[in-house]
1. If you add up the charges near residue 50, with Lys and Arg at +1 and Asp and Glu at -1, over every other residue whose beta carbon is less than 9 angstrom from its beta carbon, what do you get?
2. Go ahead and estimate [θ] at 222 nm for the chain from helices alone: -39,500 (n - 2.57) per DSSP H run with n ≥ 4, summed, over the residue count, rounded to 500.
3. Within region 127-153, name every residue whose backbone N is under 14 Å away from a label modeled 7 Å from Cα of residue 168 along the Cβ vector.
4. Report the gain in length on full extension from residue 181 to residue 109: 0.36 nm times residue separation, minus Cα-Cα distance, nm rounded to one decimal.
5. Within region 159-197, list the residues whose amide N lies under 17 Å from a label point set 7 Å along Cα→Cβ of residue 60.
6. Just subtract the alpha-carbon distance of residue 118 and residue 139 from 0.36 nm times their residue separation and send over the number in nm, one decimal.
7. Distance from the Cα centre of region 197-250 to that of region 154-191, in angstrom?
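Throughout, read-outs are computed from the coordinates displayed, never taken from laboratory work. This one's a predicted model, so the numbers in the text were calculated from it and none came from an experiment. Note: ideal-geometry Cβ built from the backbone for every residue, glycine included; neighbour counts use all protein chains shown.
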Amino acid sequence: MNKRESKKKYVSSKWIKTLALIKNTDLITYIPETRKVNFESLDEMLNKHHVVYVKPSRGSLGKGVMRIKKTNENEEEIYEWQQDLEVKQYSSYNALYNDLNHQIQKTKRLHIVQKGIDMVKYKDRSADIRVMVQQNTNSEWEVTGIIARLSHPKKVVTNISSGGIICNIETLINHLCPDDHNLIEKLKWIGLETAKQMNKTYPNMKESGLDIALDQNLHPWILEVNTKPSVIPFTRLEDKRIIDKIVRYGKAYGRHYYLKPKFDIKGNRIIKPKKRSRKGGKGITNILENTHPEKRQKAAKPFPRKYTRYRKRFPLKR
Ligand SMILES: Nc1ncnc2c1ncn2[C@@H]1O[C@H](COP(=O)(O)OP(=O)(O)O)[C@@H](O)[C@H]1O
Ligand SMILES: [Mg+2]
């Protein structure tokens, strides 16, 4: 790895982060098999695991994350693909791959394929866990927050931006295994070991937010390591000492968090009401109120800088 790469505080590529993590032999049992997507790798992964997740290597908020299942019914192969609320079925691998490859090519991004974890459920929603690990003011690693996230009942991702909701970790663990007091300790150990491992490759990295799934045997699997994790889920916990500590530790190493929720519980982006335009137009909120959430999200984005610069040079005539 070159010098510039190792100085990084934040790494977005899930592929590169997986390569850094699998160097730790103690963590291997918690890392689901992950490969770059191509015709052969996807076929092999589907034959081996039957359920896989395909996702953009540089992605976030659960965007572009797909689940693919392979089943054999009456000796006939069926492939089921799901992204968001859209579900498609294919009767041949070639047909599935053609469609998928077309979609991947459009994004021009590397995609990875990962063993699908049959996650535990709570109230009909898939549940995974966010473990926040930070360097404290003595430069020691500390787990500062653990929280569970429950997916939208019909979706394959737990991200809050996709309609997921948060849940107290104690509530989830009490529901899954009331007598097992080791599970939280195991999650904490995985969090600490992961942060230390990432820090070996990236010495400037001061925090990690792990997405961990529990399978039906309550075995933990690290789905992703976020190097610049959002802390908004922790603001929703009743115990405010947790978020206070996270913010305090972050501040000490120069990180400032965005603390206002960006999405409501339905996954819609929360938009600040804007002033009415001078022409007496409807204003951005009114225009967006009755539109599809995806369109609303797009429209709510600020103008690209290029456009702003252009408008400065050529202001609109009023
Ligand atoms: N291998 C997997 N098995 C089961 N669920 C997964 C897997 N990978 C991702 N997911 C689900 O999709 C969500 C988003 O995937 P993730 O890898 O965290 O990408 P993002 O950066 O978009 O959050 C996860 O929180 C989890 O709910
Ligand atoms: Mg994630």
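1. Numbers: positive: 48, 69, 70; negative: none.
Spelling it out: positives minus negatives among the neighbours equals +3.
2. On the way: 11 runs with 107 residues, N = 318.
Computed mean residue ellipticity for the chain: -10000 deg cm²/dmol.
3. 146-148
4. On the way: separation 72, 0.36 × 72 = 25.92 nm, distance 4.16 nm.
Length gained, residue 181 through residue 109: 21.8 nm.
5. 159-163
6. Values: separation 21, 0.36 × 21 = 7.56 nm, distance 3.62 nm.
Full extension of this stretch gives 3.9 nm more.
7. Answer, in whole Å: 13.
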